[in-house]
1. Suppose R0 equals 41 Å. What FRET efficiency, 1/(1 + (r/R0)^6) with r the Cβ-Cβ distance, do W75 and D206 give to the nearest 0.05?
2. Assuming R0 = 51 Å, what is the FRET efficiency of T140 and T65, from their Cβ-Cβ distance, to the nearest 0.05?
3. In nm, to one decimal, how far is the L344 label point from the T257 one, both placed 7 Å along Cα→Cβ?
4. Evaluate the distance, in nm, between pseudo-label points positioned 7 Å from the Cα of F269 and of A172 along their respective Cα→Cβ axes.
5. What is the spin-label model distance, in nm, from Y102 to L125 if the labels are put 7 Å beyond Cα along the C-beta direction?
Amino acid sequence: MLPAGLRPVRAQRAHNESVPDAGEPAAKKKSRVFRIGGVVLGVALVVGIFVGVIPQFASYKQAWTAMARMSPGWWAAIVVAAALSLAFAVWPFQAALPRLRYWPGFMEVQTSTAVSTTVPAGGALALGLTYRMFGSFGFTAVAITSAVATTGIWNLGFKFALPIVAVVLVAATGHSTGGAVGVALLGVLAIALSGTVLWLVFRDEDSARRLGRLGDRIVNWLLRFFRRSEQGRVERAVVNFRDQSAGVIRERGRLLTAAVLASQFAVFFLVLFCVRAAGIPAGKVGFVSVLLSFAIARLAGALPLTPGGLGSVDAAFTGMLIASGATANQALAADLVWRATTYLPPIFLGIVTYVLWRRGLDKGTYQDVLLSHHSPVR
């Protein structure tokens, strides 16, 4: 039996633990309002672009006519290129996760892509699904975090670097850059800033901690502005990222770079086929101009305004093609074919791969998935 002096303290503690935080329902309600507002804003943006903006300079009817005139040979080339772009998308994760077999990687990529491109704020859901699926294949949380971080950084670096390369190539050939110099400069600044941050992170643990503490101060200032409680997670996250990713970058950085370049340029050649099939000749819009249009569109898609960059990517791509010399209807036709072959198939494939993954999970078929010792990129 507890001393009499301790019984009130314990009773008070139990009482405090049983009383819910009065601010918790309000915080949840505010979070729900923000999520709903984000969904409504994203839908409004997509509708505004496709219904209000694009019809101002192009006709869906004439674009459909241009698509109907595409030859069977071009359609066959587009289908093959689309299939290859789906197949190559697994390689970055295979490079970052040693001993990941192709089929489990394919299931994860297609399933998470389907979620992220269809569900508002689907990126967070797709990330959680990535952890669940890779975890079921036998990978640890540390390995998954390292793979997600490194592949994400490499893909984002490609999206920032490609406009710079494309602008230089277009300028070197004497063609108009379509006003993309400003975007290229933005890419230069982003790469310089990102490179400095990564250098500080991997220089030594002390510099990583200092960078993390700076990040915490910035985040806490924003939290105080919105009247939210402060936290100190950035420093821990930076140090954990350094510890988990240093080995992957040191041992597999070149392989990861090659895999990301292969997967990204597979999509570009699909875009090039769509442009030529829509009737835009090389004499009007050359190879490097298509590359520039693709680069600006991919950079626009990096902004998480809508699921899968729906609307923002299309407006950027058609606008750059028109600025490069294509007619509005041909540019819209090329965009619609490209987006149809890269946006829709992963959704249907993702449903199938999710069902297959769930069935395999129920049957316990993923217990020995890490037994393969073959090269991760084939």
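Nothing in this text is a laboratory measurement; each read-out follows from the coordinates by a stated rule. Remember, predicted model here, so these are calculated numbers, not experimental data. Reconstructed Cβ throughout: ideal geometry from the backbone, glycine too, with neighbour counts over all protein chains shown.
1. On the way: r = 58 Å, r/R0 = 1.41.
Step by step, r from the Cβ atoms, then E = 0.10.
2. Values: r = 54 Å, r/R0 = 1.06.
With a Förster radius of 51 Å, E is 0.40.
3. 3.9
4. 2.1
5. The answer from the label model is 3.0 nm.
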